[in-house]
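Report on the following structure.
The values are calculated or read from the model by the stated rules, or taken from the named source; none is laboratory data. Bear in mind the structure is a predicted one, so any value in this text is a computation, not a measurement. Cβ: placed from backbone, ideal geometry, glycine included. Neighbour counts: every protein chain shown.
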Amino acid sequence: MNGLDLVVLLGSLLSIAVYATWHTRRHRDLSHYLKGDENVGWLTIGISVAATQASAVTFISTPGQGYASGLDFVQNYFGMPLALVLIAAVFLPIYRRLNVYTAYEYLGQRFDAKTRLLGAALFLVQRGLGAGLTIYAPAIILSTVLGWRLDLTIILSGMVVIIYTVAGGSRAVHLTQKYQMSIIFGGMATAFVILLLKLPAHFGDALTIAGGFHKLNAVSFSLDPDRRYTFWTGVLGGFFLALSYFGTDQSQVQRYIGGSSLRAGRLGLLFNAVLKIPMQFLILLLGVMLFVFYQLDQPPLFFNQAAWTQAARHDASGKLQALEQDFNATCARKEDSIRQWLDAKHSGDHEAEAAARAQAQAALDRSDALRAQAKDFMDKNDPGVKSNDADYVFVRFILDHLPHGLIGLLMAAFFAAALQSKSAELSALGSTTTVDFYRHLLKREASDAHYVAASKWFTLLWGLVALAFALFANLTENLIQAVNIVGSVFYGVVLAMFLVAFFLKRIGGTAVFWSALAAQTLVLVMYHYLNISYLWYNFIGPAACILFSLIIQTAIGWNRQGADRG
Amino acid sequence: MNPPQADPSPVGVASDAKDGATGLPWVHTWNGVYAIVISSFVLWVLLLLALTLGYS
């Protein structure tokens with residue numbers, strides 16, 4: 001980062017702050033503040049839905065996921081188009097007909113107050129945790145770029161997010177997200193093109209290298225329950241995860257219930273149904289191409305330069321330096337083997353091709369082992385260091401290989417994406433606390449100005465909770481996976497409450513309330529003791545809750561459900 | 001059981017009444033739009049499968 005990058009970065013951030021403050025300085029009423037303008041079209045809704053989901057985590061961590069594990073993560077999104085079709089056809093018309101502020105108001109109208117509060121509470125817990133995780137992402141960028149401590153960076157960037165979100169409402173979220181997404185897509189496309197131009201091999205050879213190292217295995221029909229991403233976990237688990245997130249998570253529902261018409265909401269959702277899989281594929285492919293690039297160009301032993309510098313400074317034994325020398329020599333041997341492999345392939349010498357490929361694989365295994373040793377050493381000497389290095393791969397490439405100006409723009413785009421995604425989440429947390437708890441339980445009759453002020457205070461409170469979680473969470477997972485794991489553990493049961501409400505008309509509030517509590521307990525216990533793919537919880541949670549609802553409703557009598565409502 | 005009660009003056013109802021049409025030039029029913037969305041999903045799965053098999 002040089003002066004030009006800093007000017008671009010700070011200028012962009014300042015522009016965003018001024019823009020949001022200017023456009024959100026007046027709020028006509030609570031609806032205007034919580035739902036935004038009533039006249040937004042389908043494209044604005046579609047982009048807003050995409051922007052809320054695709055935070056900075058998506059653009060920083062997903063290339064790292066592609067670098068480390070290849071394309072198989074794309075299967076996580078296989079259930080999403082089907083889920084969005086169901087939401088557009090069934091969920092959205094009901095939300096609009098009832099004219100609710102939050103999705104959980106519907107549970108209150110369909111069942112009873114306690115079920116509404118349980119649904120809202122589960123949302124607040126899981127989204128509060130998720131909000132903490134996504135505050136973590138921009139902090140990674142700035143800590144790497146500026147060489148700051150990660151915890152200080154979390155506090156500073158988190159406070160910016162909180163101030164911006166409290167000042168802005170749903171209007172600001174809608175207004176700014178489309179511009180942010182334009183900047184992000186432009187920046188990502190430019191970075192991808194520059195990466196392809198800098199590849200020391202043709203694109204076809206790059207695919208050969210990636211395929212030879214098993215990075216292009218995008219679809220697997222394996223039935224192994226320990227395997228995290230397969231076609232089946234993607235279609236089943238991904239379907240329920242997307243149905244929960246887009247259909248019942250207030251941060252998303254808030255994006256599309258306030259549109260100009262049912263048609264606008266539907267087209268906005270279906271725009272995402274078509275867009276998401278190719279978008280995730282391209283971001284993962286960017287990560288795979290980064291992997292290829294660093295097979296033919298000397299990679300650092302540790303991509304998180306700030307952590308590496310700090311560890312090397314305190315390494316009196318010289319262990320890290322020795323590991324780095326060994327690693328560099330191994331990478332040089334690997335590069336030679338890969339070039340021999342490609343030459344043999346082009347000349348049609350299959351025997352030499354297989355031998356060179358085996359040598360390259362052995363060198364890759366060796367370099368991976370050296371990385372693992374370095375990580376272990378760094379963890380042992382400083383347990384506080386965030387050693388999940390895959391999240392730093394893309395940022396490191398940008399810093400080392402993109403021209404100045406573009407570096408600042410990409411950093412600004414990441415940070416802006418994080419702000420907008422976080423703004424939508426915190427706004428939804430504030431809305432739900434205000435509408436489903438404060439207005440419903442504590443102060444039923446008050447002016448809109450009072451509720452707008454209350455919503456701002458609750459948004460501030462949730463911002464501080466998220467900040468605290470981001471500070472004290474010790475993440476062992478890749479960021480994008482950590483966000484999905486939190487969602488998978490809590491979303492399923494909330495979804496089941498809505499599925500029962502929509503499709504099992506004879507089940508009442510008491511049955512679904514106790515079933516949801518039991519199913520959530522079951523999922524938490526299974527997550528603690530079992531080691532199955534987390535995507536299965538998106539299926540297990542709803543299945544358990546629906547089954548328990550049927551059993552409890554049968555036990556208390558099918559003719560009593562009408563009396564449950566209260 | 002009490003069915004969900006509609007708000008007497010929901011903001012979206014007036015505009016929603018004319019939402020039966022998709023407003024798209026080539027697809028006039030929502031079922032047609034849903035079919036296109038699902039077809040695009042199937043196409044992507046097939047392309048990804050071809051990539052997997054082609055480079056495994």
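Overview of values
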{"quantity": "Selection status of A:Leu156, more than 14 Å from every other protein chain (Cβ to nearest Cβ) and either in contact (Cβ under 8 Å) with a residue 12 or more places away in the chain or under 30 Å from B:Ala50 (Cα atoms) (or both)", "calculated": "yes"}
{"quantity": "Near pairs, Cβ below 8 angstrom, 6+ apart or cross-chain, from region A:501-528 (at positive phi) to any residue that is among the polar types (S, T, N, Q) and assigned to a helix (DSSP H, G or I)", "calculated": "none"}
{"quantity": "Any hit, region A:242-258, residues being without any contact (Cβ under 8 Å) to a residue 60 or more places away in the chain and either within 30 Å of A:Ala322 (Cα to Cα) or at the interface with chain B (Cβ under 9 Å from one of its Cβ atoms) (or both)", "calculated": "no"}
{"quantity": "Region B:46-56: number of residues that are facing chain A (nearest Cβ under 7 Å) and either touching a residue at least 40 places away in the same chain (Cβ under 8 Å) or not small (Gly, Ala, Ser) (or both)", "calculated": "5"}
{"quantity": "Hits in region A:55-82 - residues which are under 27 Å from A:Arg263 (Cβ atoms), more than 15 Å from the chain's Cα centre (by Cα) and surrounded by fewer than 24 Cβ atoms within 10 Å (Cβ to Cβ)", "calculated": "A:Leu82"}
{"quantity": "Residues within region A:434-475 that are in contact with a Phe, Trp or Tyr (Cβ under 6 Å, 6 or more places away or on another chain) and crowded, with 22+ Cβ neighbours inside 10 Å, tallied", "calculated": "4"}
{"quantity": "Residue ID - farthest from A:Gly46 (Cα to Cα), chosen from residues in region A:204-216 that are within 9 Å of another protein chain (Cβ to nearest Cβ) and crowded, with 20+ Cβ neighbours inside 10 Å", "calculated": "A:Gly212"}
{"quantity": "Members of region A:68-115 found to be among the β-branched types (Val, Ile, Thr), more than 10 Å from chain B (Cβ to nearest Cβ) and not in a loop (DSSP other than H, G, I, E, B), listed by number", "calculated": "A:Ile87, A:Val90, A:Thr115"}
{"quantity": "Residue in region B:29-44 that is nearest to A:Leu270 (Cα to Cα), counting only those that are among the β-branched types (Val, Ile, Thr) and more than 7 Å from every other protein chain (Cβ to nearest Cβ)", "calculated": "B:Ile36"}
{"quantity": "Extreme residue, surrounded by the fewest Cβ atoms within 10 Å (Cβ to Cβ), among residues of region A:365-383 that are modelled with pLDDT of 90 or more and of a type in the set (S, T, N, Q)", "calculated": "A:Gln373"}
{"quantity": "A:Trp308 being more than 14 Å from chain B (Cβ to nearest Cβ) and aromatic (Phe, Trp, Tyr)", "calculated": "yes"}
{"quantity": "Per-region count, region A:536-555, residues touching a Ser or Thr at 6+ places or on another chain (Cβ under 7 Å) and among the β-branched types (Val, Ile, Thr)", "calculated": "1"}
{"quantity": "Matching entry among A:Thr208, A:Thr190, A:Thr233 (being touching a Lys or Arg at 6+ places or on another chain (Cβ under 8 Å), under 30 Å from A:Lys334 (Cβ atoms) and touching a residue at least 40 places away in the same chain (Cβ under 8 Å))", "calculated": "A:Thr208"}
{"quantity": "Residue within region A:299-311 that is touching a Phe, Trp or Tyr at 6+ places or on another chain (Cβ under 6 Å), among the aromatic types (Phe, Trp, Tyr) and more than 30 Å from A:Met181 (Cβ to Cβ) present", "calculated": "yes"}
{"quantity": "Test: A:Val125 is modelled with pLDDT of 85 or more and either surrounded by fewer than 24 Cβ atoms within 10 Å (Cβ to Cβ) or away from every other protein chain (no Cβ under 14 Å) (or both)", "calculated": "no"}
{"quantity": "Helices (runs of 4 or more DSSP H) lying entirely in region A:167-248 (those with 3 or more residues that are not assigned by TED's automatic domain parsing to the domain that holds A:Gly66 and not charged (D, E, K, R))", "calculated": "none"}
{"quantity": "Residues satisfying the stated conditions in region A:185-203, i.e. within 24 Å of B:Phe41 (Cβ to Cβ) and surrounded by 18 or more Cβ atoms within 10 Å (Cβ to Cβ)", "calculated": "A:Met188"}
